[in-house]
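Asks: First the structure, which I've put down as structure tokens, then a few questions once you've had a look.
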Amino acid sequence: MKRLLSCQRLRRVVCSKALLLAVVAPSTLPPVLAQTASSPAAVASVSAFDVRAVQAVLARGDSAAAAGNLPEARRYYDQARDASKQLLGFYRDLSGAFRGLDARIPREMDDKGRQVLDALVQSNLRLAALFRRQNQPEVAVPLLVEVVKTMTPTTEVGRKAYQQLLEIGFASTPYTAPSANPN
């Protein structure tokens, strides 16, 4: 029974990685994914599974938005957002598995998680800007709230997201960050 559960977990991880690979680099996905995804070798072949891949998808979205192709830009930003969330979970899980055993690994995973979190925030901000550009501010609100919640209003990006919520009319009380104490 334990072996069966282990195989099921491995399949889920492989399928998750294959899904991200399909998002990040569709041309590199093998046509017979269903046959190869169940083998452990398929796990080793997934190489574009990091923050650089997410940033590449964001760049594709930026190019599409600059060209005026907003539906394609939205698709890329959604893909970057989904991939970021998935990577965050994997880094968090791996960090937790090694906590108390080898401090280097949780530190590395936490650093990678922070980089991916920044990519997630950027994808949320780009999606929110895209929705505002399409006169759909109500769709931008949850994305901006997520940025404020994730980054806190004390950071510059958190303040900018809250400022956008003010501009949309979702919030009406301006936030002024406390001044730095000179002492």
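The values are calculated or read from the model by the stated rules, or taken from the named source; none is laboratory data. As the structure is a prediction and not an experimental result, all values here were calculated from the model. Quick reminder, even Gly has a Cβ in these numbers, built from the backbone with ideal geometry, and neighbours come from all protein chains shown.
Asks: Could you grab me the full set of residues in segment 77-97 that are more than 13 Å from ASP118 (Cβ to Cβ) and hydrophobic (A, V, I, L, M, F, W, C)?
Replies: Hits for segment 77-97 are ALA83, PHE90, LEU94, ALA97.
Asks: Something else about it: Sort out which residues of segment 134-159 are surrounded by fewer than 16 Cβ atoms within 10 Å (Cβ to Cβ) and within 16 Å of LEU117 (Cβ to Cβ), and write them in order of number.
Replies: LYS149, THR152, THR154, THR155, GLU156
Asks: Select, from PHE170, PHE131, the only residue that is over 16 Å from the mean Cα position of the chain (by Cα), surrounded by 14 or more Cβ atoms within 10 Å (Cβ to Cβ) and farther than 28 Å from ARG60 by Cα.
Replies: PHE170
Asks: For segment 40-76, enumerate the residues that are surrounded by fewer than 14 Cβ atoms within 10 Å (Cβ to Cβ), under 14 Å from ALA119 (Cβ atoms) and at pLDDT below 95.
Replies: Within segment 40-76, just ARG52 meets the criteria.
Asks: Residues to consider are VAL121, VAL116; find the one that is within 19 Å of the chain's Cα centre (by Cα), surrounded by 21 or more Cβ atoms within 10 Å (Cβ to Cβ) and touching a residue at least 60 places away in the same chain (Cβ under 8 Å).
Replies: Numbers: VAL121 fails: touching a residue at least 60 places away in the same chain (Cβ under 8 Å).
Residue meeting the stated conditions: VAL116.
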